[in-house]
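Trainee: Take this structure first; my questions come after.
What follows is calculated from the coordinates using simple rules that are stated; it is not laboratory data. Predicted model only: the values in this text are computed from it and were never measured. Every residue, glycine among them, receives a Cβ derived from its backbone with ideal geometry; neighbour counts consider all protein chains shown.
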Amino acid sequence: MAETHYTMKSLEQRLAVGPFNRWLGFKVLKMDDSGLDLKATWREEWVVNADLRYTHGGILAAIIDVAAD
């Protein structure tokens, strides 16, 4: 299998191909041989409890899934 090399910009573009990933609004903060740092753009829809203001676990799992992929 051929190895693919991405720049930070090309990886962001690749991540944005899927509508769900585009909705998560990923930004690549760092990319090197030690790993990848991603940031998802905060959305109010992620709040589970209006009083406690914590993020739904499904969103956190989706972010981990994309970063691990």
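Trainee: Tell me, which helices (runs of 4 or more DSSP H) wholly within the chain include 2 or more residues that are of a type in the set (Lys, Arg)?
Mentor: By residue number, 8-15.
Trainee: Name the residues in region 31-69 that are within 16 Å of LYS9 (Cβ to Cβ), touching a residue at least 12 places away in the same chain (Cβ under 8 Å) and of a type in the set (D, E, K, R), would you?
Mentor: LYS39
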